Amino acid sequence: MTTLYQDHLTVLQQRYEAALTHFQCDAVVLASGHKQYYFQDDHTAPFHSYSGAQQWLPFTLSAETYLIIEAGKKPRIVWPVRDDFWHAPNPVPAGEWQDSWDITPARRDDKWFQGLPEKCAWLGPEPQDFAHVIPGFNTYVDFAKAVKTPYEIAAIQRASVRGAKGHLAARDAFLNGLSEFEIHLAYLQASQQTANQEPYPSIIGVNEHASVLHYEHKDFDRSANPLTLLIDAGATEHGYASDITRTFTKQDDEFRALVKSLDSAEQEMAKKALSGTSYPELHQGALRTIAGILHDHKICSLSVDEQIAKGITQTFFPHGLGHLLGLQVHDVGGFHQDVLGTRREPDANAPFLRLTRTLEENMVLTIEPGLYFIPMLLDKMQAEIPQHGCDMALIKQFIPYGGIRIEDNIVVKDEVSVNLTRQAFSEYEA
């Protein structure tokens, strides 16, 4: 990773120097942020660094770390030094990365910012008086984050491998009849992380819990009749996330056939994530594909065109096709059309879509179609859409299974996209 990291730094330096020139600044300070305490408590929430600062370093940044970027100069890191016997020490990580940085150890009260240029911008939380929050600066650099360097892609690839290990362990735990909580523990152990280190709280939904898109609980009780496991869980590498979802079933029945159909369709959708493609158009194509699956499996008798016209498909696939992926699971800049922050909002028929850009080579994104049996949405469909053509008796049989989501992490290319998730699973699946 050494050469990749050095090349990555060069790209970041170029991007930030362009931003400094555009906004007529001489320097920018990036702050990792501070720990946040719970209300009336001396306990803090898990710390996550500001992604703009984390992007520069090949290890997980701690709180109160500052980076100083000036045009034509070696980047500088202000490393927090604490006289603290309550917590573990925070040494500067060893490695060749140090050759590319000027490292300044500083205590909280040190005046490390003295000598900075007067025209100094600030990026990150809790801006200080010696620097300026410049409108548009954040958007300018965030727009470029969507296109990943080879170093960033390699980090997401490693995170994908760890995530795949965890998913396979979770599958085995489910097939052995374990509870959601026990499945979660199996996932964490195989992916070698604690719950706080996960890039997002993993979703472990058995049976009808699989129909809750962001199901947040982990049931301690084992199901008497486990039918389905929907697991949406990732891992991190140098701050970069993988975001993977799989749906596993116990019985070889019509619901498993649905899972297979959606899995095949998802892979075809992923292949269409190519440079020059409009992501909203990919989403519209996904809606038509879901409508085709509903028709083929006799869930809805209406044609694809009729389902789209009546909005039937959104009952079963209510969320967006995916999002940008990187230092944040829902990476920044998904609505921005240029460095100045021109936005394209999602269309009315896809209100939850998180990405409206035209795809470029080396963007990393998710493709995650779903097919769910959500009682609330089914009731709404029956009340509001006459002649919906859906077989409610068949749907009632599927409700105990919850739903299906398949999610892969994709690197956009000009001719053939790269599916990091399928590559990761192929290393461990027979």
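The values are calculated or read from the model by the stated rules, or taken from the named source; none is laboratory data. Only a predicted model underlies this, so the values are computations on that prediction, with no experimental measurement involved. Backbone-built Cβ (ideal geometry, glycine too); neighbour counts: all protein chains shown. Quick note on the areas: whole protein, heavy atoms, side chains included, nothing else; ligands and nucleic acids left out. Shrake-Rupley method; radii C 1.70, N 1.55, O 1.52, S 1.80 Å.
Return yes when L185 is in contact with a helix residue (DSSP H, G or I) (Cβ under 7 Å, 6 or more places away or on another chain) and at pLDDT 95 or above and no when it is not.
Numbers: in contact with a helix residue (DSSP H, G or I) (Cβ under 7 Å, 6 or more places away or on another chain): no; at pLDDT 95 or above: yes.
So L185 does not fit the description; no.
Considering only the stretch 321-338, I want to know if a residue exists there that is in contact with a Pro (Cβ under 7 Å, 6 or more places away or on another chain), crowded, with 19+ Cβ neighbours inside 10 Å and touching a residue at least 24 places away in the same chain (Cβ under 8 Å).
Looking for residues that are in contact with a Pro (Cβ under 7 Å, 6 or more places away or on another chain), crowded, with 19+ Cβ neighbours inside 10 Å and touching a residue at least 24 places away in the same chain (Cβ under 8 Å), one finds at least one in the stretch 321-338, hence yes.
Just give me the residues in the stretch 27-54 being in contact with a strand residue (DSSP E or B) (Cβ under 8 Å, 6 or more places away or on another chain) and open to solvent by 80 Å² or more (accessible area, probe 1.4 Å), in sequence order.
Listed by number, the residues that qualify are K35, Q36, Y37, Y38, H43.
Return the residues of the stretch 361-386 that are out of contact with any Pro (no Cβ under 7 Å at 6 or more places or on another chain) and either without any contact (Cβ under 8 Å) to a residue 24 or more places away in the chain or in a helix (DSSP H, G or I) (or both); say none if nothing qualifies.
Step one: of the stretch 361-386, the residues out of contact with any Pro (no Cβ under 7 Å at 6 or more places or on another chain) are 361-376, 378-386.
Of everything in the stretch 361-386, those that are out of contact with any Pro (no Cβ under 7 Å at 6 or more places or on another chain) and either without any contact (Cβ under 8 Å) to a residue 24 or more places away in the chain or in a helix (DSSP H, G or I) (or both) turn out to be P375, M376, L378, D379, K380, M381, Q382, A383, E384, P386.
Return yes when I77 is surrounded by fewer than 20 Cβ atoms within 10 Å (Cβ to Cβ) and out of contact with any helix residue (DSSP H, G or I) (no Cβ under 8 Å at 6 or more places or on another chain) and no when it is not. Outline the logic, then answer.
Working: surrounded by fewer than 20 Cβ atoms within 10 Å (Cβ to Cβ): no; out of contact with any helix residue (DSSP H, G or I) (no Cβ under 8 Å at 6 or more places or on another chain): yes.
It is false that I77 is surrounded by fewer than 20 Cβ atoms within 10 Å (Cβ to Cβ) and out of contact with any helix residue (DSSP H, G or I) (no Cβ under 8 Å at 6 or more places or on another chain).
If the requirement is being open to solvent by less than 40 Å² (accessible area, probe 1.4 Å) and among the acidic types (D, E), which of these qualifies: D219, D243? Working first, answer last.
Values: D219 fails: open to solvent by less than 40 Å² (accessible area, probe 1.4 Å).
Just one listed residue meets the conditions, D243.
Could you figure out which of (1) assigned to a helix (DSSP H, G or I); (2) surrounded by fewer than 19 Cβ atoms within 10 Å (Cβ to Cβ) isn't true of E152?
Single failed check for E152: (2).
Among (1) in contact with a Ser or Thr (Cβ under 8 Å, 6 or more places away or on another chain); (2) more than 21 Å from E237 (Cβ to Cβ); (3) open to solvent by 60 Å² or more (accessible area, probe 1.4 Å), there is one condition Y66 misses while meeting the rest; what is its number?
Just one mismatch for Y66, condition (3).
This table checks each residue for (1) within 13 Å of I69 (Cβ to Cβ); (2) without any contact (Cβ under 8 Å) to a residue 60 or more places away in the chain; (3) part of a helix (DSSP H, G or I).
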residue	(1), (2), (3)
R15	yes, no, yes
L20	yes, no, yes
L30	yes, no, no
G33	no, no, no
Q40	no, yes, no
G52	yes, no, yes
P58	no, no, no
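Can you name the number of the only condition in (1) under 19 Å from the mean Cα position of the chain (by Cα); (2) under 22 Å from E17 (Cβ atoms) that S49 fails?
Evaluating S49 over (1) under 19 Å from the mean Cα position of the chain (by Cα); (2) under 22 Å from E17 (Cβ atoms) leaves (2) as the failure.
For the stretch 401-415, enumerate the residues that are surrounded by fewer than 24 Cβ atoms within 10 Å (Cβ to Cβ) and in a loop (DSSP other than H, G, I, E, B).
Across the stretch 401-415, the qualifying residues are V412, D414, E415.
A quick yes/no check of all residues on (1) acidic (D, E); (2) more than 25 Å from the chain's Cα centre (by Cα); (3) at pLDDT 95 or above:
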residue: D252; (1), (2), (3): yes, yes, yes
residue: A257; (1), (2), (3): no, yes, yes
residue: E266; (1), (2), (3): yes, no, yes
residue: S278; (1), (2), (3): no, no, yes
residue: G285; (1), (2), (3): no, no, yes
residue: I308; (1), (2), (3): no, yes, yes
residue: G341; (1), (2), (3): no, no, no
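Kindly check whether there is at least one residue in the stretch 172-188 that is on the phi > 0 side of the Ramachandran plot and not aromatic (F, W, Y). Can you show your working first?
Let us first name the residues in the stretch 172-188 that are on the phi > 0 side of the Ramachandran plot, namely 177.
Narrowing further to those that are not aromatic (F, W, Y): 177.
Scanning the stretch 172-188, I find at least one residue that is on the phi > 0 side of the Ramachandran plot and not aromatic (F, W, Y), so the answer is yes.
Looking only at the stretch 350-400, filter to residues that are charged (D, E, K, R) and under 20 Å from S303 (Cα atoms); which one of those is most open to solvent (accessible area, probe 1.4 Å)? Quick ask: steps written out before the conclusion?
Of all residues in the stretch 350-400, those charged (D, E, K, R) come to 354, 357, 360-361, 368, 379-380, 384, 391, 396.
Add one more test, that the residue is under 20 Å from S303 (Cα atoms), and what stays is 384, 391.
Numbers: E384: 115, D391: 67 Å².
Looking at the filtered set, the residue picked out is E384.
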